[in-house]
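Let me begin by presenting the structure, written as structure tokens, before commenting on it.
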Amino acid sequence: MLRLPAPLRQFAAACVLALAAQGVQAGAQQYEPMAASVRAALHAAVSDAAAPTLPIPDAGERAQWLDEMSRRLAKRIPDEAYRKELLTSIHYEATRAGLDPQLVLGLIQVESAFRKYAISSAGARGYMQVMPFWIKVIGREDDNLFHMRTNLRYGCTILRHYLDIEKGDLFRALGRYNGSLGKPHYPNLVRAAWEKHWNWTPQQLAAAAQRAPGTIAGSR
């Protein structure tokens, strides 16, 4: 087994202690045997190396979303350029996986408190606290789970995989993601973070609601 140098071991231990001190609910996905076809699909899902863009069609709304989310994240990540790069990548990877970007922001807040090098006591890594066994399961053993885009792509792909297994049941999919299937604590934390800190109503829906009050429900 590869043994980390002493400075890296000390750094990892410090990350674990920092997460514990902040009450972060770091994930611990469980290994489950899967068919070769599923492995192949997951491999394909993390292999696309397209440059990230913010997939919001309207230019004004793109700018507004990025500015607003950047403002909300500023206390956790002071560097504006990096903050906007992270938000763009989160939106891109979430949308690519068919997930609500606001849900993914809530999950990251709960999992790692937006700490790039977070390591849980179970060994989960990075923003979305991805367990290292996934790089072997998916067949990309050179992937670095501390790389921003790689971590986000794995995390979104894994959550999409669990949603598919659970036929769209977000409560159960989040439980699988955290290794606490069937228990309400973690899904409730993610939903609370999503709704309290990252709620977003697209401009077009908001404008339509103002024109016809009561006819269109709020949307994240």
What number goes with the only condition from (1) closer than 27 Å to P184 by Cα; (2) open to solvent by 30 Å² or more (accessible area, probe 1.4 Å); (3) in contact (Cβ under 8 Å) with a residue 60 or more places away in the chain; (4) not basic (K, R) that A94 does not pass?
(2)
With the condition kept exactly as written, say whether any residue in region 180-188 is among the aromatic types (F, W, Y), within 21 Å of Y127 (Cβ to Cβ), in contact with a Phe, Trp or Tyr (Cβ under 7 Å, 6 or more places away or on another chain) and open to solvent by less than 10 Å² (accessible area, probe 1.4 Å).
no
Among the residues of region 64-79, write down those that are open to solvent by less than 50 Å² (accessible area, probe 1.4 Å) and free of Cβ contacts under 8 Å to residues at least 24 places away in the same chain.
L66, S70, A74
Per-region count, region 177-198, residues closer than 20 Å to C156 by Cβ and at pLDDT 95 or above
11
Filtered residues of region 80-91 (kept if within 20 Å of E195 (Cα to Cα) and either outside any helix (DSSP H, G or I) or open to solvent by 10 Å² or more (accessible area, probe 1.4 Å) (or both))
T88, H91
Going through L145, L159, L107 one at a time, which residue ends up being crowded, with 20+ Cβ neighbours inside 10 Å, without any contact (Cβ under 8 Å) to a residue 24 or more places away in the chain and under 13 Å from the mean Cα position of the chain (by Cα)?
L145
Flagged in region 64-79 as among the small types (G, A, S) and in a loop (DSSP other than H, G, I, E, B), in numbering order, are A74
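Every residue, every condition in (1) at pLDDT 65 or above; (2) more than 19 Å from the chain's Cα centre (by Cα), yes or no:
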| position | (1), (2) |
| --- | --- |
| G27 | no, no |
| M34 | no, yes |
| I56 | yes, no |
| A63 | yes, yes |
| D67 | yes, yes |
| A81 | yes, yes |
State whether one or more residues within region 42-50 are part of a loop (DSSP other than H, G, I, E, B), modelled with pLDDT under 70, open to solvent by 80 Å² or more (accessible area, probe 1.4 Å) and not β-branched (V, I, T).
yes
Give me the residue from region 128-142 that is assigned to a loop (DSSP other than H, G, I, E, B) and touching a residue at least 40 places away in the same chain (Cβ under 8 Å) and, out of that set, most open to solvent (accessible area, probe 1.4 Å).
R140
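The values are calculated or read from the model by the stated rules, or taken from the named source; none is laboratory data. The structure displayed is predicted, hence computed values, not measured ones. Glycine also receives a Cβ, built like all others from the backbone with ideal geometry; neighbour counts cover every protein chain displayed. Just the protein is used for accessible areas: all its heavy atoms, side chains included, with ligands, DNA and RNA removed. Shrake-Rupley method; radii C 1.70, N 1.55, O 1.52, S 1.80 Å.
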